[in-house]
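First the structure, in the form of structure tokens, and then the observations on it.
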Amino acid sequence: MLQLLRAALAAVTLVSAHGASDPPAWADEMLQAHNSLRSELHLRPMAWSDKLATMAQNWAETLIDRNQFVHSRKPGLGENLFEIDGFRFPPTDVVRQWASEARDYDYRSNQCHAVCGHYTQIVWRDTRQVGCGVARGGRREVWVCEYSPPGNLVGSRPY
């Protein structure tokens, strides 16, 4: 069963004859969900990055394999993680979960009242590219999105 799951996930990142990865079927939905939030704030849309998506996919698979849920700490990149057990979430719902943190962000003081870093990464003004991956194992699903350039710079406002 695990080999079938890995084979299915590997199929998402197959390399085409031209040497570039084909984006997963859900990539456009994920990008649109990100850019919809940015549009509400009159921010420039992000572009999909196959390179970032490959990195995100590899990290999502690593998290499933290791049964972990931790940031990869890749230098020069921002990263959002989402994990759920027992369900499968479409990309729009994953982004909606991150975006729900907007209620905890106070623009006037530029502070989070709880957790808001996922939201602020999505709407970080200078971020131009995003790439995401998803891995599943057993009942667990892990989504990873990588962002370039990264957001959440201490002392700076997202927008």
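The values are calculated or read from the model by the stated rules, or taken from the named source; none is laboratory data. Because the structure is a prediction, the values reported are computed rather than measured. Here the Cβ positions follow ideal geometry from the backbone for every residue, glycine too, while neighbour counts run over all protein chains shown. Quick note on the areas: whole protein, heavy atoms, side chains included, nothing else; ligands and nucleic acids left out. Shrake-Rupley method; radii C 1.70, N 1.55, O 1.52, S 1.80 Å.
Conditions (1) modelled with pLDDT of 95 or more; (2) hydrophobic (A, V, I, L, M, F, W, C), marked per residue:
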site: 23; (1), (2): no, no
site: 41; (1), (2): yes, yes
site: 45; (1), (2): yes, no
site: 53; (1), (2): yes, yes
site: 59; (1), (2): yes, yes
site: 67; (1), (2): yes, no
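With region 58-159 as the region, which strands (runs of 3 or more DSSP E) entirely inside it contain at least 3 residues that are charged (D, E, K, R)?
Passing ranges, in order: 78-85, 140-148.
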| request: For residues that are charged (D, E, K, R) and under 24 Å from residue 153 (Cβ atoms), tally how many sit in region 58-76. | output: 2
| Regarding residue 116, is this residue surrounded by 15 or more Cβ atoms within 10 Å (Cβ to Cβ), more than 12 Å from the chain's Cα centre (by Cα) and of a type outside the set (Ser, Thr, Tyr)? | yes
| task | Among the residues of region 60-100, write down those that are within 11 Å of the chain's Cα centre (by Cα) and among the aromatic types (Phe, Trp, Tyr). | result | 82, 98
| field | Selection from region 75-94 of residues that are touching a residue at least 40 places away in the same chain (Cβ under 8 Å) and open to solvent by 50 Å² or more (accessible area, probe 1.4 Å) | value | 76, 83, 85, 87, 88, 90
